[in-house]
Amino acid sequence: MRDWRGRSPDPKPIGDALGVFREEIAPETPVAGVQLVWDRVVGERIAAVTEVAGEQDGVVTVECRSSVWAQELEMMKTRILGRLRAEMGDSGPDDLRFRASG
């Protein structure tokens with residue numbers, strides 16, 4: 001679509017389009033909901049060393065790059081859960097479990 005001067009609009013970042021698409025096609029499961037917001041909730045640094053791995057009975061398991069990260073995040077669990085609940089509302093997890101994967 002061109003403006004009145006015949007110019008095309010500035011391109012939009014593909015990440016924006018993919019983010020919307022990802023949210024539209026995401027399965028409606030507790031773990032998928034956490035995966036969608038995880039990077040935003042914990043930030044780039046923590047997201048780079050963690051992966052939301054699964055959920056059972058309201059407890060979401062997060063795999064961490066090392067046992068040190070798992071221990072650190074365990075101490076931050078209350079804050080992370082609060083942020084997840086603020087982002088997800090009632091569909092947020094009941095608890096988090098951190099475990100070392102490497």
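The values are calculated or read from the model by the stated rules, or taken from the named source; none is laboratory data. What you see is a predicted model, and the numbers here were worked out from it, not measured in a lab. Neighbour counts are summed over all protein chains in view; Cβ atoms, including those assigned to glycine, are modelled from backbone coordinates with ideal geometry.
Listing for the model above:
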{"quantity": "Qualifying residue in region 4-19 (condition: more than 14 Å from the chain's Cα centre (by Cα), at pLDDT below 70, surrounded by 10 or more Cβ atoms within 10 Å (Cβ to Cβ) and in a helix (DSSP H, G or I))", "calculated": "yes"}
{"quantity": "Residue tally, condition on the phi > 0 side of the Ramachandran plot and either basic (K, R) or assigned to a helix (DSSP H, G or I) (or both), over region 49-102", "calculated": "1"}
